[in-house]
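The values are calculated or read from the model by the stated rules, or taken from the named source; none is laboratory data. Everything numeric here is computed off the predicted structure, so don't read it as measured data. So basically every Cβ, Gly included, is an ideal-geometry build from the backbone, and we count neighbours across all protein chains shown.
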Amino acid sequence: MRSMGLGVVTFILMVAAIPAQARDISKNDLQVCKWGAGMAATAQQSKLSGTTLYSARKGLQARKFSQPWMRKMAVGITEQTYRSPSRLKPAAVKQTYYDGCIQHDLARK
């Protein structure tokens with residue numbers, strides 16, 4: 001019973017530390033993570049709905065992006081999402097991508 005309580009305390013401390021760590025990341029990096037997470041969720045939704053990778057890529061090529069790097073990154077995220085065997089819901093993919101992006105940024109600093 002004691003080890004279970006310790007696990008719960010550890011989990012609570014980890015969850016509480018995430019917002020504190022997120023403050024160390026610049027607003028720009030947070031925006032990039034949010035944008036990438038949105039792209040991953042959109043790609044997962046397309047994949048689950050049966051849209052082909054070719055069609056998804058074609059849609060990205062026709063889309064307007066505010067920054068020059070966004071198109072290439074969007075295509076990369078989409079291709080990676082399609083290659084994954086994951087059948088997770090788009091919201092779960094979005095959260096997973098966002099969490100991974102934040103952890104990556106924190107590890108860089």
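Every condition in (1) under 14 Å from the mean Cα position of the chain (by Cα); (2) modelled with pLDDT of 95 or more holds for residue 105 except the one numbered (2). The residues listed here are 31, 67, 44; of these, the one that is over 28 Å from residue 86 (Cα atoms) and at pLDDT 95 or above is 67.
Each row is one residue, and each column tells you yes or no for (1) over 18 Å from residue 30 (Cα atoms); (2) surrounded by fewer than 11 Cβ atoms within 10 Å (Cβ to Cβ).
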residue	(1), (2)
42	yes, no
52	yes, no
61	yes, yes
64	yes, yes
70	no, no
74	no, no
79	yes, no
91	no, no
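One residue alone among 59, 38 is among the small types (Gly, Ala, Ser), touching a Lys or Arg at 6+ places or on another chain (Cβ under 9 Å) and at pLDDT 95 or above, and that residue is 38.
Sub-7 Å Cβ pairs linking a first residue in segment 44-66 that is within 13 Å of residue 79 (Cα to Cα) to a second residue that is of a type in the set (D, E, K, R) and surrounded by fewer than 16 Cβ atoms within 10 Å (Cβ to Cβ), at least 6 apart or interchain, are 53/79; 60/71, ordered by first then second residue.
Residue 82 meets the conditions (1) in contact with a Lys or Arg (Cβ under 8 Å, 6 or more places away or on another chain); (2) in a loop (DSSP other than H, G, I, E, B); (3) hydroxyl-bearing (Ser, Thr, Tyr) in every case but one. The failed one is (2).
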